[in-house]
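Trainee: One structure, pasted below without further comment.
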Amino acid sequence: MTTILPNEVQAGLDLARKRALKASSRLAIEAGDRRLKVLRRWDGGFAVEAEEVPHLRGLVDLYDGPRHLSRCLIVASEEEGGEIRYDVKQMTAAADEQPLDYVRAEDAPVGLIEQYAGN
């Protein structure tokens, strides 16, 4: 048995689903000076609302709230149901510190304390 809903009802249900996805997701992408909510994320891609964003291509930054997760190289794959889906070609995790160009020993000193010969 199939249920056929009027177009207005289906549009209302779709709008409610999108609002619920946007409200529940903390993920966002930053492309240039624009920050956009991620509706869904899966292994190898994510989806954003089609009305908010033109087709993106290139580097974007992925955030979980204020925390920078990664930098992604993306390409738009398809648009369906008011969403644009993007495939992630490369993902580089964000680090809290600068990478070293040498191997740091485990027992290396953290800092240098000079001898104080004062009065």
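The values are calculated or read from the model by the stated rules, or taken from the named source; none is laboratory data. The structure displayed is predicted, hence computed values, not measured ones. Backbone-built Cβ (ideal geometry, glycine too); neighbour counts: all protein chains shown.
Trainee: For a quick check of your reading: which strands (runs of 3 or more DSSP E) sit entirely within segment 40-109 and have at least 1 residues that are basic (K, R) and either buried (at least 16 other Cβ atoms within 10 Å of the Cβ) or without any contact (Cβ under 8 Å) to a residue 12 or more places away in the chain (or both)? Show your work before the answer.
Mentor: Details: elements: 45-49, 57-64, 67-80, 83-93.
Output list reads 67-80, 83-93.
Trainee: Can you confirm whether K18 is part of a strand (DSSP E or B), of a type outside the set (V, I, T) and either more than 19 Å from K89 (Cα to Cα) or at pLDDT below 85 (or both)? Break it down stepwise before answering.
Mentor: Values: part of a strand (DSSP E or B): no; of a type outside the set (V, I, T): yes; either more than 19 Å from K89 (Cα to Cα) or at pLDDT below 85 (or both): yes.
Answer is no for this residue.
Trainee: Scan G44, G81 and give me the residue that is over 14 Å from the mean Cα position of the chain (by Cα) and over 17 Å from A31 (Cα atoms). Please lay out each step first, then the result.
Mentor: Values: G44 fails: over 14 Å from the mean Cα position of the chain (by Cα).
Just a single option satisfies the conditions, and that option is G81.
Trainee: Give the residues of segment 85-119 that are in contact with a Lys or Arg (Cβ under 9 Å, 6 or more places away or on another chain) and of a type in the set (V, I, T), sorted by residue number.
Mentor: T92
Trainee: Right, D87: modelled with pLDDT of 90 or more and in contact with a His (Cβ under 7 Å, 6 or more places away or on another chain) or not?
Mentor: Values: modelled with pLDDT of 90 or more: yes; in contact with a His (Cβ under 7 Å, 6 or more places away or on another chain): no.
No, not satisfied.
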